[in-house]
1. State, in angstrom, two size descriptors of the chain derived from its alpha carbons: Rg to one decimal place and Dmax to the nearest whole number.
2. Report the Cα-based extents of the range 54-192 along its three principal axes, largest first, to the nearest Å.
3. Measuring from centroid to centroid over Cα atoms, what is the spacing of the range 153-189 and the range 33-59 in Å?
4. Could you give the length gained by full extension between Leu26 and Asn192, i.e. 0.36 nm per residue of separation minus their alpha carbon distance, to one decimal place?
5. Rounded to the nearest 500, what is the 222 nm mean residue ellipticity of the chain from helices alone, with -39500 (n - 2.57) per DSSP H run of 4+ residues and division by all residues?
6. Where nothing but the Cβ of Lys and Arg (+1) and of Asp and Glu (-1) is charged, how large is the charge dipole of the chain around its Cα centre, in debye to the nearest 20?
7. From the square roots a ≥ b ≥ c of the eigenvalues of the alpha-carbon gyration tensor of the range 151-232, which class results: rounded (a/c under 1.5), prolate (a/b over b/c), or oblate?
8. How long are the semi-axes of the ellipsoid equivalent to the range 1-135, from square roots of 5 times the Cα gyration tensor eigenvalues, in whole Å, largest first?
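What follows is calculated from the coordinates using simple rules that are stated; it is not laboratory data. These figures come from a predicted structure and were not determined experimentally. Every residue, glycine as well, gets a Cβ built from its backbone with ideal geometry; the counts of neighbours run over all protein chains shown.
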Amino acid sequence: MARIGISMEGVYVSVEENLACIRQSLQGYPVKIVAVTKNQSVDIMRAAIDAGITAIGENRVQEAQYKFTTLNRQVEWHLVGHLQTNKVRHAVKIFDLIHSVDSERLAAAIDRAAGQIGKRQDVLIQVNIGGEVQKFGIPPEETLALARVISQLPNIRLCGLMTIAPLYENPEDARPLFRRMYQLFQELKAVNLPNTDIQWLSMGMTNDYRVAVEEGANMVRIGTGIFGPRNY
């Protein structure tokens, strides 16, 4: 098994071994793992893909643009960070799924840009389930209203919801929030809006993904758990 070097005080982390541990912890749950590759090298990204990762998540459009042209691997591209409207035109050319739609203005910009290249862009609505002022996302009570707006846009397909829970020292503290997100996800599915394909509930990261999955997440975004601490 190849050991993939991550420069952290001479410590090496095996991406393959880390992925094996994560998959073991998810046994019995149908979950898609999005490997978050912010600040990771293209070589390390390739190692993760070669070890079975089928989806990678990038936080910034500019970083993704470089990697997109050099990665040389078949993989899904997910935008998991905040998307500014002035970056939308570039984002729709790269990403298969945008996790971070949180306003009618952003949705409209994505719709226009996708239409210009003849694409139907898959998106998730980002919900600020913890009500944190420093985080993006809409309040839970506004989710269905935004979903109805998106369902009327011809070049966007709403595929579900995403959230970033507060970073609690004890991941169990996030359980009620993840449970509320699952309820919201089920409410969105029950509305059965036209032109949507509500299938993904993206919640849970390295610190709390196990709790998120127990509460209904079927997509998790893991960076440090796969690659080790980021090299800033």
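1. My reading of the Cα-based Rg and Dmax gives 17.3, 53 Å.
2. 40, 35, 27
3. Value for the Cα centre distance between the two parts: 23 Å.
4. Values: separation 166, 0.36 × 166 = 59.76 nm, distance 2.91 nm.
Between Leu26 and Asn192, full extension yields an extra 56.9 nm.
5. The per-residue figure over the chain is -10500 deg cm²/dmol.
6. Rounded to the nearest 20 debye, it is 700 debye.
7. Since a/c reaches 1.5 but b/c is at least a/b, the shape of the range 151-232 is classed as oblate.
8. 29, 18, 15
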